[in-house]
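Notes to accompany the following structure.
The values are calculated or read from the model by the stated rules, or taken from the named source; none is laboratory data. Just so it is clear, the structure is predicted and the values come from calculations on it, not from any experiment. Note that we place each Cβ from the backbone using ideal geometry, even for glycine, and neighbour counts take in every protein chain shown.
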Amino acid sequence: MIPCIDGQEAKAMEKVKTIAVNVAVIALISVALIWGNTLYRQHAQFEKGEKGWSAGDFTAAVAGYEAAIHMYTPGSPTVERSAENLWRIGQMAEQNRDAARALIAYRALRSSFYAAAGVYTPGEVWIKRCDARIAALVQMQQGR
């Protein structure tokens, strides 16, 4: 036998449904706003890195790309481009025999992904690559 629901119970259930829907909509809008804000700031930091790199300003380039990775959003091509640019800066510094700047670039790249870690650590491939280069550069510096 199916229990009968009276008018008051039906109204109460409808009110609960309305509240649940409103909460879900507000949560989705909040997530979308946070995501959008993060993407905007990520692109702004990337552009600062690009401008720094174009001007030959090592510090501004590294800081901009590093901050863009800190604004990590899954699937964002800006994060990958920032990582590639930091890696390239490190490689160029190594080619110029500037181990100190290479270490700065590699450490910035590695620490950016560690800073973005939460439930999982993004950029694990980059972290491993940086660990290898950092270890080699530190060993080289100690061998002098």
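Any residue at all in region 53-60 that is crowded, with 19+ Cβ neighbours inside 10 Å, modelled with pLDDT of 95 or more and either under 15 Å from ILE127 (Cα atoms) or not aromatic (Phe, Trp, Tyr) (or both)?
First pass over region 53-60, keeping only residues crowded, with 19+ Cβ neighbours inside 10 Å: none.
So far as region 53-60 goes, no, none of its residues is crowded, with 19+ Cβ neighbours inside 10 Å, modelled with pLDDT of 95 or more and either under 15 Å from ILE127 (Cα atoms) or not aromatic (Phe, Trp, Tyr) (or both).
I'm trying to understand the selection: among the residues of region 61-71, which are surrounded by fewer than 22 Cβ atoms within 10 Å (Cβ to Cβ) and among the small types (Gly, Ala, Ser)?
Initial filter on region 61-71 (surrounded by fewer than 22 Cβ atoms within 10 Å (Cβ to Cβ)): 63, 67, 70.
Residues satisfying the conditions are ALA63, ALA67.
Say whether the condition of being within 30 Å of ALA67 (Cα to Cα), at pLDDT 90 or above and part of a helix (DSSP H, G or I) is met by at least one residue in region 2-17.
Applying the first criterion (within 30 Å of ALA67 (Cα to Cα)) to region 2-17 yields none.
Within region 2-17, none of the residues are within 30 Å of ALA67 (Cα to Cα), at pLDDT 90 or above and part of a helix (DSSP H, G or I).
Considering each residue of region 72-86, count those that are crowded, with 19+ Cβ neighbours inside 10 Å and modelled with pLDDT of 95 or more, and give that number.
6
Just one of the numbered conditions (1) among the hydroxyl-bearing types (Ser, Thr, Tyr); (2) farther than 30 Å from GLN139 by Cβ; (3) in a helix (DSSP H, G or I) is not true of THR59; which one?
(2)
Give the residues of region 33-76 that are among the acidic types (Asp, Glu) and either in contact with a strand residue (DSSP E or B) (Cβ under 7 Å, 6 or more places away or on another chain) or within 15 Å of ARG107 (Cα to Cα) (or both), sorted by residue number. If you could, list the steps in order and put the result at the bottom.
Within region 33-76, the first condition is being among the acidic types (Asp, Glu), and the residues that meet it are 47, 50, 57, 66.
If the condition is that a residue be among the acidic types (Asp, Glu) and either in contact with a strand residue (DSSP E or B) (Cβ under 7 Å, 6 or more places away or on another chain) or within 15 Å of ARG107 (Cα to Cα) (or both), then GLU66 is the only one that fits.
Considering each of GLY49, GLY36 in turn, give the residue that is part of a helix (DSSP H, G or I) and either in contact (Cβ under 8 Å) with a residue 12 or more places away in the chain or surrounded by 14 or more Cβ atoms within 10 Å (Cβ to Cβ) (or both).
On the way: GLY36 fails: either in contact (Cβ under 8 Å) with a residue 12 or more places away in the chain or surrounded by 14 or more Cβ atoms within 10 Å (Cβ to Cβ) (or both).
Exactly one of GLY49, GLY36 is part of a helix (DSSP H, G or I) and either in contact (Cβ under 8 Å) with a residue 12 or more places away in the chain or surrounded by 14 or more Cβ atoms within 10 Å (Cβ to Cβ) (or both), namely GLY49.
Give the residues of region 68-86 that are β-branched (Val, Ile, Thr) and in a helix (DSSP H, G or I), sorted by residue number.
So in region 68-86, the residues β-branched (Val, Ile, Thr) come out as 69, 73, 78-79.
Across region 68-86, the qualifying residues are ILE69, THR78, VAL79.
Only one of these is under 21 Å from the mean Cα position of the chain (by Cα) and among the basic types (Lys, Arg): LYS51, LYS15, LYS11. Name it. Break it down stepwise before answering.
Numbers: LYS15 fails: under 21 Å from the mean Cα position of the chain (by Cα); LYS11 fails: under 21 Å from the mean Cα position of the chain (by Cα).
Just one listed residue meets the conditions, LYS51.
Could you list, in sequence order, all residues of region 116-144 that are assigned to a helix (DSSP H, G or I) and either at pLDDT below 95 or β-branched (Val, Ile, Thr) (or both)? Can you show your working first?
Within region 116-144, the first condition is being assigned to a helix (DSSP H, G or I), and the residues that meet it are 124-142.
Scanning region 116-144 gives VAL125, ILE127, ILE134, VAL138, GLN139, MET140, GLN141, GLN142.
Criterion first (over 25 Å from GLN141 (Cα atoms), in contact (Cβ under 8 Å) with a residue 24 or more places away in the chain and β-branched (Val, Ile, Thr)) does ILE69 satisfy it? Even if it seems obvious, please write down each step before you answer.
Working: over 25 Å from GLN141 (Cα atoms): yes; in contact (Cβ under 8 Å) with a residue 24 or more places away in the chain: yes; β-branched (Val, Ile, Thr): yes.
Judged against the criteria, ILE69 is a match.
Considering ILE69, ILE104, ILE89, which residue is closer than 17 Å to ILE127 by Cβ, modelled with pLDDT of 95 or more, under 15 Å from the mean Cα position of the chain (by Cα) and not hydroxyl-bearing (Ser, Thr, Tyr)? Give the derivation first.
Values: ILE104 fails: under 15 Å from the mean Cα position of the chain (by Cα); ILE89 fails: under 15 Å from the mean Cα position of the chain (by Cα).
One residue alone meets the criteria, ILE69.
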